[in-house]
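These notes concern the structure reproduced below.
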Amino acid sequence: MENSPSPSPSPTVGMHIDAVIAQLQNASTTQLYATVIALSLAFSFFLINSGGGSSALPIINREEGTSSSDSLEKPMAPKRRSSAPEPKWHILKITNYVVATGFILSVLQFAFNASTYLNDSTSLLRFLSIWSIFLCYFFGFFGISFIELDDFVDQQPSQQQHHPVVSQVAQPRKSHHAASPEPPVKVVNIHPPPSSAPVCSDPTSFKKPSSNIPSNLKELPNSEIASLVLQDKIKDHLLEKLLDPHRAVEVRRLKFDAQLDTLGNGGALTDLPYKHDLDYKRVLGANCEIVVGYIPIPVGMAGPITLNGESIYIPMATTEGCLVASTNRGCKAISQGSGASSTILKDGITRAPCVRLPSASEAAEVALWIDVPENFLQLRAAFESTTSFGKLIEARPTVAGRNVYIRLRCFSGDAMGMNMISKGSLAVIDSLSQVFPELRLLALSGNLCTDKKAAAMNWIEGRGKSVVIEATIPEHVVRTTLKTTVPAIVEANVNKNLIGSAMAGVVGGFNAHAANNVTAVFLATGQDPAQNVESSNCMTLMEETPEGDLWISCTMPSIEVGTVGGGTGLPAQAACLKAIGVKGGGVNPGDNARQLAHVVAAATMAGELSLMAALASNSLVAAHMAHNRKPASK
């Protein structure tokens with residue numbers, strides 16, 4: 001029998017590699033380079049665009065001026081956002097170092113054995129192939145991630161930064177209707193800081209408009225221009241230069257309404273007049289007498305600022321140039337950092353009636369009687385018989401000879417509470433008169449309250465809402481957004497706000513300009529502007545953290561605000577309250593007033609941060625002279 005031929009052995013991995021090398025040696029140079037370039041580009045494209053995330057581009061409906069894209073989500077009907085890939089730019093930095101190191105090593109290896117490799121066509125082909133890949137990468141992608149990211153964002157901001165990013169958080173929603181057993185769920189939208197937040201002390205404010213702006217801009221409808229602003233194709237602060245000032249206001253209102261709509265406050269600006277209009281019927285018997293007209297004050301919108309995990313826009317009424325722009329820069333820096341975290345320590349408005357007794361000993365007897373807990377319960381019952389929301393928290397007597405000043409502190413719900421506590425105070429005095437018949441009321445307010453006057457009492461004991469707010473600003477944000485350094489701003493704060501204020505003997509004035517922001521928010525939201533005196537009590541502290549970042553806090557013991565009553569019922573002021581999300585009463589009494597106090601503190605901290613940065617960099621005077629002075633008319 002003949003022997004059958006043995007089967008041929010299976011090809012090994014080495015045989016496959018040799019065959020591939022042989023094919024590469026036989027291939028033309030053009031084919032090799034085309035293959036290498038195609039593989040390099042495909043790899044780079046996959047690497048950069050393999051990330052997740054999405055960008056939200058709010059689009060304004062041209063016919064109606066309302067948001068029509070899914071990116072502007074309705075708070076009660078959230079929609080799923082698109083999942084378009086977003087670049088993972090941080091991978092490029094790592095890849096750049098790896099590629100550069102590999103290229104250098106390959107060149108060194110070839111240089112040490114050049115004579116050998118030049119005589120070996122296979123080795124030479126391998127080196128040329130590797131270098132071709134390196135060159136393709138260098139020409140196409142090398143260096144992108146080495147750009148200073150903060151400057152890159154300021155000059156060519158990505159869509160992700162310009163438009164709202166939604167973080168859905170289940171929280172109770174504030175309502176003005178009767179509370180239901182289960183309040184509706186609020187979808188909280190976290191808006192990133194604006195890509196461009198020009199401030200008077202920032203040289204970029206002087207830049208001319210970009211050449212990419214459509215040449216027929218003035219022919220476009222307002223809704224389309226607003227969409228361009230939302231997409232950051234046009235900078236917000238340039239609208240007055242590109243359009244006439246009146247039309248710029250109309251466009252900006254569309255832009256902010258679209259952004260407020262994502263926070264559940266859509267249409268808030270509808271009742272904020274921008275033409276001459278005032279309903280005098282609302283003024284009669286509520287706000288002013290012998291009316292002859294009204295004073296229009298410009299209202300600007302600062303923000304967004306991330307406050308207690310939510311995005312907030314802050315309306316500010318002011319005639320001081322640079323104030324809103326400066327506050328806006330502070331909002332941007334805070335939102336680029338940790339965001340603002342605010343806490344209310346106390347909540348109670350005060351009134352201190354002054355009563356007189358026949359003798360000092362009898363006055364002391366009244367004070368000691370009030371301090372007995374059982375007697376306080378009697379006074380509390382009398383007080384609360386006059387109000388549905390008011391709750392008497394404390395009665396603290398102070399004796400001065402035959403006089404007794406009884407500082408009453410009460411919770412007033414969403415009202416600022418002066419009328420409420422005044423009415424209740426009369427009931428307390430009547431109750432005391434039944435126990436001490438010779439007691440005589442001298443003044444319903446004995447100035448120990450203390451209302452609308454600078455007083456150590458408010459600074460130490462607090463009045464209204466006592467708030468402490470803080471934030472941490474990364475060092476690179478201090479450098480790029482605030483245009484200063486952490487040590488410089490900390491040093492300026494210590495020597496100005498702490499030492500300088502102490503030398504001046506101030507009470508509650510350990511700050512740069514808290515009254516500026518407090519007053520601007522008060523005027524916009526219908527608060528009593530005279531209560532700015534005590535509401536502006538503020539201590540601003542700044543420290544450098546162990547990581548080299550900036551920590552800032554503002555302690556404000558006596559913010560007096562309300563969201564019902566007084567000027568809050570006027571249409572324009574109510575519109576500003578609605579823009580914040582605190583119009584009227586809250587789901588729980590006091591919710592909206594407390595939130596407004598948080599907003600006042602946040603505006604104050606943003607203003608403090610930006611002004612101190614300008615002072616630390618010595619750019620304040622030049623900025624105001626450039627931005628807050630109009631050329632003399634000829």
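The numbers here are math on the coordinates, done by the rules we state, and not lab data. Quick caveat, the model's predicted, so the values are computed rather than measured. So basically every Cβ, Gly included, is an ideal-geometry build from the backbone, and we count neighbours across all protein chains shown.
Ellipsoid semi-axes for segment 434-511, based on the Cα gyration tensor and the rule √(5λ), read 43, 15, 8 Å when sorted largest first. Counting only Cα atoms, the size of segment 292-438 along its three principal axes is 60, 44, 31 Å, in decreasing order. Seen from all sides and averaged, what is the projected area of the convex hull of the Cα atoms in segment 353-443, in nm²? Averaged projected area of segment 353-443's Cα convex hull equals 5.2 nm².
Packing order of peptides 565-571, 536-542, highest average first: 536-542, 565-571 (average count of other Cβ atoms within 10 Å over each peptide's residues). The peptide list 302-311, 605-614, put in order of mean Cβ contacts within 10 Å with the highest first, becomes 605-614, 302-311.
Would you mind checking LYS423/LYS452; LYS332/LYS583; LYS452/LYS583; LYS241/LYS281; LYS275/LYS452; LYS241/LYS275 for any pair whose Cα atoms are more than 28 angstrom apart? Beyond 28 Å between Cα atoms: LYS241/LYS281; LYS275/LYS452. Our estimate of slack between ARG396 and LYS218, defined as 0.36 nm per intervening residue step minus the Cα-Cα distance, is 57.6 nm.
Semi-axes of the equivalent ellipsoid of segment 476-630 are 30, 17, 16 Å, computed as sqrt(5λ) over the eigenvalues of the C-alpha gyration tensor in descending order.
Cβ-Cβ distance of GLU475 and TRP131, R₀ of 45 Å, FRET efficiency by 1/(1 + (r/R0)^6): the value works out to about 0.70. Seen through its C-alpha gyration tensor, with square-root eigenvalues sorted a ≥ b ≥ c, segment 297-367 comes out prolate because a/c lies at 1.5 or above while a/b is bigger than b/c. Between VAL507 and LEU118, the contour length at 0.36 nm per residue exceeds the Cα-Cα span by 131.6 nm. Protection proxy ranking of 107-120, 423-436, 240-253, 573-586, by the mean of other Cβ atoms within 10 Å over each peptide's residues and highest first, is 573-586, 423-436, 240-253, 107-120. Label-to-label distance, LYS423 versus TYR274, with points set 7 angstrom from Cα along the beta-carbon direction: 3.9 nm.
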